[in-house]
Amino acid sequence: MDTRQLSAFCEVVDRKSFSQAAEHLGVTQPAVSLQVRSLEERVGQRLLDRSGRRVEPTEAGIGLYRHARKLLQLEQQMLDDLAEGETGTLHGTLAIGASTGPGAHLVPLLLCEFQSEHPDLRVSLSISDTHTVTEQVAARELELGIVGAHGRHRSLDFEPLSLDEIVLAVPPGHPSAGGRMTLDELRAETLVVMQVGAGVRQVVDEELRRAGLRVRDLDAKLVLGLQESVKSAVGAGYGVTFISRTAVERELETGALGTARVEGVEPARQIYVVRGRGRALTRAAEAFLGFAQEHAG
């Protein structure tokens, strides 16, 4: 079976558009249409429903898509293995996704050190929230993701990588900076929170629930996206926020922020590597996974 046809078909399914698939593949839209039509003739079944505003796979198309993705992954792994076998070095591009917490410090440093050991390899890191990274790995847009919360996805595996402490960041000069805060005192604060989908938000929600609180029970009027936004708001005195300690280490050293412990609340999160369940990784991804597990602890 022609893998070019399979690749064109999978891109159309992923992007639900012939034009976007063509743009991603760097070919014309008629070329993509021809590849898909030839594939449908080859299997003798209609694979895509083109009647709606978006292109959707038929029942037969869904089944073929699952097998096609596995076949394309194996083809890429075979090509990588052949190229690497000649020199013993890693080639190509390693595409990794990370959520904003580990993506700010941990993952970039790991990738830089890993790439310095494999100078013929290119690395590409994209930063999103935990939910988005997880979905990108599930959709095979990324080989690996490193995220700050364990998701529930039957096609993915979450492997522990390292532990990350979450602290309550407070403005400089806050009465509780460097000390403790009761739950009642926390209720009186303006809580700046990250958007739904952020790993820290998920962990904090669960930890507060164990303490008998929910975010909606607090004065959480500011939902400001991800960690850089909430960090800026707290530094300017607009409230307090739960955030990864690694994200505010510089501010803590300079005195731009302080931290306080909340009685009965000690959030910490496990950083996970997320990968496709049963999916064969390229040699570069396998090598990086081993490197990260050895150096991130």
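Selection within the stretch 143-199: residues that are of a type in the set (Val, Ile, Thr) and closer than 30 Å to Phe291 by Cα. The member of this set that is farthest from the chain's Cα centre (by Cα) is Val167. Within the stretch 112-131, residues that are basic (Lys, Arg) sit with their Cβ atoms under 9 Å from residues that are open to solvent by 60 Å² or more (accessible area, probe 1.4 Å) and assigned to a strand (DSSP E or B), at 6+ positions apart or across chains, in these pairs: Arg122/Thr93. For the stretch 44-53, the set of residues classified as loosely packed, with under 13 Cβ neighbours inside 10 Å and either acidic (Asp, Glu) or assigned to a helix (DSSP H, G or I) (or both) is empty.
Yes or no, residue by residue, for (1) in contact with a strand residue (DSSP E or B) (Cβ under 7 Å, 6 or more places away or on another chain); (2) under 13 Å from Leu72 (Cβ atoms); (3) open to solvent by less than 60 Å² (accessible area, probe 1.4 Å):
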| residue | (1), (2), (3) |
| --- | --- |
| Arg4 | no, yes, no |
| Phe9 | no, yes, yes |
| Asp14 | no, yes, yes |
| Ala21 | no, no, yes |
| His24 | no, no, no |
| Ala31 | no, no, yes |
| Arg42 | no, no, no |
| Val55 | yes, no, yes |
| Thr58 | yes, no, yes |
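With the structure loaded, tell me whether Lys70 is open to solvent by 20 Å² or more (accessible area, probe 1.4 Å) and in contact with a Lys or Arg (Cβ under 6 Å, 6 or more places away or on another chain) or whether it fails that test.
On the way: open to solvent by 20 Å² or more (accessible area, probe 1.4 Å): yes; in contact with a Lys or Arg (Cβ under 6 Å, 6 or more places away or on another chain): no.
In short, no.
Number of residues in the stretch 110-124 that are surrounded by 17 or more Cβ atoms within 10 Å (Cβ to Cβ) and not in a helix (DSSP H, G or I): the value is 3.
The residues of the stretch 2-60 that are over 18 Å from Gln136 (Cα atoms) and touching a residue at least 60 places away in the same chain (Cβ under 8 Å), listed by number, are Thr3, Leu6.
Scan the stretch 73-89 and tell me whether some residue there is in contact with a helix residue (DSSP H, G or I) (Cβ under 8 Å, 6 or more places away or on another chain) and at pLDDT 85 or above. It would help to see each step written out before you state the result.
Narrowing the stretch 73-89 to residues in contact with a helix residue (DSSP H, G or I) (Cβ under 8 Å, 6 or more places away or on another chain): 75, 77, 80-81, 84.
Retained after the next criterion (residues that are at pLDDT 85 or above): none.
No; the residues of the stretch 73-89 include none that is in contact with a helix residue (DSSP H, G or I) (Cβ under 8 Å, 6 or more places away or on another chain) and at pLDDT 85 or above.
What about Gly264, is it open to solvent by 80 Å² or more (accessible area, probe 1.4 Å), out of contact with any Cys (no Cβ under 8 Å at 6 or more places or on another chain) and on the phi > 0 side of the Ramachandran plot? Show your work before the answer.
Values: open to solvent by 80 Å² or more (accessible area, probe 1.4 Å): no; out of contact with any Cys (no Cβ under 8 Å at 6 or more places or on another chain): yes; on the phi > 0 side of the Ramachandran plot: yes.
Taking the combined requirement at face value, the residue does not satisfy it.
Residue-level check: of (1) open to solvent by less than 70 Å² (accessible area, probe 1.4 Å); (2) on the phi > 0 side of the Ramachandran plot, Thr130 misses just (2).
Let's see how each residue does on (1) without any contact (Cβ under 8 Å) to a residue 60 or more places away in the chain; (2) part of a helix (DSSP H, G or I); (3) not β-branched (Val, Ile, Thr):
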{"residue": "Arg69", "(1), (2), (3)": "no, yes, yes"}
{"residue": "Thr89", "(1), (2), (3)": "yes, no, no"}
{"residue": "Ala149", "(1), (2), (3)": "no, no, yes"}
{"residue": "Arg152", "(1), (2), (3)": "yes, no, yes"}
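Note on the stretch 90-111: residues that are at pLDDT below 85 and more than 21 Å from His150 (Cα to Cα) total 4. Residue count for the stretch 144-192, restricted to those that are open to solvent by less than 10 Å² (accessible area, probe 1.4 Å) and over 21 Å from Gly255 (Cβ atoms): 9.
Pro171 meets all of the listed conditions (1) touching a helix residue (DSSP H, G or I) at 6+ places or on another chain (Cβ under 8 Å); (2) more than 19 Å from Leu222 (Cα to Cα); (3) of a type outside the set (Ser, Thr, Tyr) but one, namely (2).
When Val107, Val137 are screened for being open to solvent by less than 30 Å² (accessible area, probe 1.4 Å), hydrophobic (A, V, I, L, M, F, W, C), assigned to a helix (DSSP H, G or I) and touching a Lys or Arg at 6+ places or on another chain (Cβ under 8 Å), only Val137 passes.
The values are calculated or read from the model by the stated rules, or taken from the named source; none is laboratory data. Because the structure is predicted, anything quoted here is derived from the model rather than measured. Please note: Cβ atoms are built from the backbone with ideal geometry, for glycine as well, and neighbour counts cover all protein chains shown. Only protein heavy atoms, including side chains, enter the accessible area calculation; ligands, DNA and RNA are left aside. Shrake-Rupley method; radii C 1.70, N 1.55, O 1.52, S 1.80 Å.
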